[in-house]
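Encoded as structure tokens, the structure appears first; notes follow it.
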């Protein structure tokens, strides 16, 4: 006979960073009496190498639902997700819904649950770039303001929420869930040995690049500047670029294939492969919010090719340099200047126990 007191959580995920965060929390849910977790995968990252490989690498339980929604404009994608998620929540009647980060999947899950009067918990709440041209910024603001519990990763994020009038009793500062994942999977990666040699690379003698953000790859001038800058760097040391499907499509559409000729292009990699490359790189060049932090967790200097960042504390501490990607020479010089550097000894992201704090908090509130 089923335990009538057992509470049900539906966790909505859809993109690579959410798989990593969910892996840390789902592991604790599995060890916890009184809570049943069901994963609802929207399908936002539909490519096998952007999705399935992460579930395999991270030991995430198979999703109870995969609604297979990807592609199209932001409004179309989010709208289709709203319809599909509502149907599942009406059927499953969960006690609460858990969402992560700032994707269309995050917003859709939070909106549906709040309309159905199901409590919403948002992990990684309070991040702000203060650039509303970014779809992610709109997603995170709206998600925060329709969530019941806001799990903030840092002092800065907590201040952002309080400054927007969010009641303090809705905010719990738990630390950064990505730090939990970095510690856990960093240890696993280390046990697996030297995984970078398969790419013909030597430790601290290559640059790792990840480029996918809309404002960069959908802008031919910025994309050209990035690729030419990375080509210049590759004349000094190897540059490995695990290429996002969006980036590959735009390079082809703009006729820029010649600009990646000198780079080590790889298909999207599993998380353990990425951890190994992040740990071994001399410098990481990225426009990803998550990879900026992963660079810090693995003590690797970072150059972020954006006009702003949600993780300003890493810039202030010298671990990260923010650079608008408009001049290839600036990109080349900045990347090369970062080799062998480090930042201040800071610990802004908690103690690596955010997942345990989140699950304990949910137990107290709902059980």
- Restricting attention to the range 66-93, the residues that are surrounded by fewer than 24 Cβ atoms within 10 Å (Cβ to Cβ), in contact with a helix residue (DSSP H, G or I) (Cβ under 8 Å, 6 or more places away or on another chain) and either assigned by TED's automatic domain parsing to the domain that holds residue 288 or at pLDDT 95 or above (or both) number exactly 3
- Restricting attention to the range 279-291, which residues are under 19 Å from the mean Cα position of the chain (by Cα) and part of a helix (DSSP H, G or I)? 279, 289, 290, 291
- Item | Complete set of residues in the range 245-278 that are free of Cβ contacts under 8 Å to residues at least 60 places away in the same chain and not in a helix (DSSP H, G or I) | 254, 255, 256, 261, 262, 263, 265
- Message: Looking only at the range 22-36, filter to residues that are outside any helix (DSSP H, G or I) and in contact (Cβ under 8 Å) with a residue 40 or more places away in the chain; which one of those is surrounded by the fewest Cβ atoms within 10 Å (Cβ to Cβ)?
- Response: 34
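One line per residue, one yes/no per condition, for (1) assigned to a helix (DSSP H, G or I); (2) surrounded by 23 or more Cβ atoms within 10 Å (Cβ to Cβ); (3) touching a helix residue (DSSP H, G or I) at 6+ places or on another chain (Cβ under 6 Å):
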site: 294; (1), (2), (3): yes, yes, yes
site: 299; (1), (2), (3): no, no, no
site: 329; (1), (2), (3): yes, no, no
site: 332; (1), (2), (3): yes, no, yes
site: 335; (1), (2), (3): yes, yes, yes
site: 339; (1), (2), (3): no, no, no
site: 342; (1), (2), (3): no, no, no
- Query: Does at least one position in the range 235-251 carry a residue that is in the same structural domain as residue 294 (by TED's automatic domain parsing) and under 15 Å from residue 324 (Cβ atoms)?
  - Reply: no
- Could you look through the range 314-327, keep only residues that are part of a helix (DSSP H, G or I) and surrounded by fewer than 19 Cβ atoms within 10 Å (Cβ to Cβ), and pick out the one that is farthest from the chain's Cα centre (by Cα)? 316
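The values are calculated or read from the model by the stated rules, or taken from the named source; none is laboratory data. What you see is a predicted model; the values in this text were computed from it and never measured. Every residue, glycine as well, gets a Cβ built from its backbone with ideal geometry; the counts of neighbours run over all protein chains shown.
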